[in-house]
Structure formats: structure tokens, C-alpha cells
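Structure first, then comments.
The values are calculated or read from the model by the stated rules, or taken from the named source; none is laboratory data. This is a predicted model, so every value here is computed, not measured. Note that each Cβ is placed from the backbone with ideal geometry, even for glycine, and that neighbours are counted across all protein chains shown. We work out accessible area using only protein heavy atoms, side chains counted, and drop any ligands, DNA or RNA first. Shrake-Rupley method; radii C 1.70, N 1.55, O 1.52, S 1.80 Å.
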Amino acid sequence: RSVSASLLNRSSDLEILYNYGAELHYSEHYEEGLQIMKECSLKNNDYDVQMIMGDCYKHIGDTLKAMECFDCAGRMVPSKFLPQYNRMHLFVDRGDTVNALNTANEILSKDVKVYRSKRVQRIISDAEEVINKLTESATAE
């Protein structure tokens, strides 16, 4: 039995496992962080776990799994902007302009709960930029 599997038995140990997986992710050990977060998700599959797993998948090149995780996180907390923001950029990166534009428009139509949030302001600004760039390049063709 692995050390991480043995940590799944108590909630305080689950927190240690989550923090370990998050630290692996933030130190760019995406494969290892993903494995730990998968184990963590067996007992505590929440928004943060899904977002970290999605980012790990993105960095190891598994766009479809990343998309699934970001979709799941977005369903868990629909008011959050970050899952759609990450999806928008995955669409842009793979050249899927239709879905990138649709997702950018979804971001712009979301209700803003915290108006002073710099992160939300940046996400909205990026969505506007994506729309402008993709519509400009479509009209130039």
C-alpha cells in the first residue's frame, strides 16, 4: 500500500495528501501531482482538486482530460470564471475558434459577484481580447 493511499483514511491525512499533490503541481511535477490528486479525488473530489488535475493534464498535453476536469469544476461552482477561462485558452491553443469564441462570450455574459476582483477583471479582459483577435482574423480572411 502506498503512503498516499494510507493517508486517505482520516480527514487531516486527506488534507496532507491534497497539499502534497498541490505542491507537486506548483513545483511543475505534473505527472506526480496528477497521480496524488487522483488519489485525493477518491475521497474529496472538489473544485480545487479538479482545477489542479485539469492544469496538470494541460501541462502534460492531455487536452481532452484537462477539458473534462475544467468542465467538472465549472459544474461544481458555476459562478467561478477560472474553469471557463482555462477552457477558452485550451480552445485557442488548439485552433478551435468557434468554441473559443463561444466560451469567451459565456465569460462575458456571466454575473460578476466581486467587482473589484483583479483576477475576474483580467479574465474578462482576456475574453474580450480573444473575441477581438478571433473576429479580426476571421474578417481578414
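A few points about this structure:
- When residues of segment 1-24 are limited to those that are open to solvent by 60 Å² or more (accessible area, probe 1.4 Å), at pLDDT 75 or above and of a type outside the set (Phe, Trp, Tyr), the one farthest from residue 41 (Cα to Cα): 23
- In this structure, residue 138 does not qualify as more than 28 Å from residue 18 (Cβ to Cβ) and crowded, with 21+ Cβ neighbours inside 10 Å.
- Test: residue in segment 32-42 that is outside any helix (DSSP H, G or I) and either within 24 Å of residue 13 (Cα to Cα) or open to solvent by 60 Å² or more (accessible area, probe 1.4 Å) (or both): yes
- Condition met for residue 117 (modelled with pLDDT of 95 or more and small (Gly, Ala, Ser)): no
- Selection count, segment 77-96, where residues are under 14 Å from residue 127 (Cβ atoms) and of a type in the set (Ser, Thr, Tyr): 1
- Flag if residue 54 is modelled with pLDDT of 95 or more and within 9 Å of the chain's Cα centre (by Cα): yes
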